[in-house]
1. Could you say which residue among Thr7, Thr27, Thr22 is farther than 17 Å from Asn117 by Cα, over 30 Å from the mean Cα position of the chain (by Cα), surrounded by 12 or more Cβ atoms within 10 Å (Cβ to Cβ) and at pLDDT below 95?
2. Are any residues in the range 158-189 among the hydrophobic types (A, V, I, L, M, F, W, C) and out of contact with any helix residue (DSSP H, G or I) (no Cβ under 6 Å at 6 or more places or on another chain), and if so, which ones?
3. Would the range 72-79 turn up any residue that is more than 24 Å from the chain's Cα centre (by Cα), modelled with pLDDT under 90 and within 21 Å of Ile118 (Cβ to Cβ)?
4. For the range 36-66, enumerate the residues that are under 27 Å from the mean Cα position of the chain (by Cα) and in contact (Cβ under 8 Å) with a residue 40 or more places away in the chain.
5. So if I check each of Tyr43, Tyr35, which one is surrounded by 19 or more Cβ atoms within 10 Å (Cβ to Cβ) and either of a type in the set (Val, Ile, Thr) or outside any strand (DSSP E or B) (or both)?
6. Go through the residues of the range 122-135 one by one and say whether even a single one is of a type outside the set (Phe, Trp, Tyr) and in contact (Cβ under 8 Å) with a residue 24 or more places away in the chain.
7. Within the range 66-99, how many residues are over 15 Å from Asn123 (Cβ atoms), of a type in the set (S, T, N, Q) and touching a helix residue (DSSP H, G or I) at 6+ places or on another chain (Cβ under 9 Å)?
8. Residue check: is Arg83 modelled with pLDDT of 80 or more, in a strand (DSSP E or B), among the charged types (D, E, K, R) and closer than 26 Å to Thr22 by Cα?
Amino acid sequence: MHKVTSTIHLLEDSVFYYVITTGMNGTYTYVNKHYARTFGYRYSDLVGQPYFITMHNDDRRVCEETSVRCFNEPNRSFPATIRKHDGHGGYVVTQWEFRAMMDDNGEPLGVFCLGHNITEMVNSNTELEKTKIELADKTTMLEQIGWEQSHVLRRPLANIQGLTGILSNMELDQNMSNICDMLSDSTEQLDKVIKDMVKKAEN
């Protein structure tokens, strides 16, 4: 209990950490100034109020389960992610460490909680995952386009290659022979381009 008291005193004026304690009846017994400023906008004093009034209703179970774990192992801290009302119809995502408070006789007094705001980190991770999905979709689309274009071009190219092969076996004057050679070189270059497209699409 002495460690809890020292931590509360140390972080009373913190502008980064939230510090709260709750009693065995589930009401606040202490909140630091930062927590009161951020989540106490509807109340003149949070002390004595039920712990769940500041949070998303679906996260009450997280608090209850984490608190049970604390009392089962009072020498350990346990993490919990809780959504808190932001006062504007939305939520702030917060990360907490819960620890049981025990008296000198080992009897439970309540729960000590140390937390901070992780909303920006959560939003950044969400945007990152969204970007990854978009990139994967675009990559798949490009691969599909590459495959389709290569096969669309390959058929007429094969026809041109066949015709140049026929022409090369015919008796042609020098001018037509040069044209046939140029046409053959061009089809070979185009064939290489198409093969490269297919290779990139497959990779």
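The values are calculated or read from the model by the stated rules, or taken from the named source; none is laboratory data. Note that the structure is predicted; figures quoted are calculated from it, not measured. Reconstructed Cβ throughout: ideal geometry from the backbone, glycine too, with neighbour counts over all protein chains shown.
1. Step by step, each of Thr7, Thr27, Thr22 is checked, and only Thr7 is farther than 17 Å from Asn117 by Cα, over 30 Å from the mean Cα position of the chain (by Cα), surrounded by 12 or more Cβ atoms within 10 Å (Cβ to Cβ) and at pLDDT below 95.
2. The answer is Ala158, Leu163, Ile166, Met170, Leu172, Met176, Ile179, Met182.
3. No, there is no match, as no residue in the range 72-79 is more than 24 Å from the chain's Cα centre (by Cα), modelled with pLDDT under 90 and within 21 Å of Ile118 (Cβ to Cβ).
4. Thr38, Phe39
5. That would be Tyr35, the only listed residue that is surrounded by 19 or more Cβ atoms within 10 Å (Cβ to Cβ) and either of a type in the set (Val, Ile, Thr) or outside any strand (DSSP E or B) (or both).
6. For the range 122-135, residues of a type outside the set (Phe, Trp, Tyr) and in contact (Cβ under 8 Å) with a residue 24 or more places away in the chain: present.
7. So the count comes out to 1.
8. The answer is yes for Arg83.
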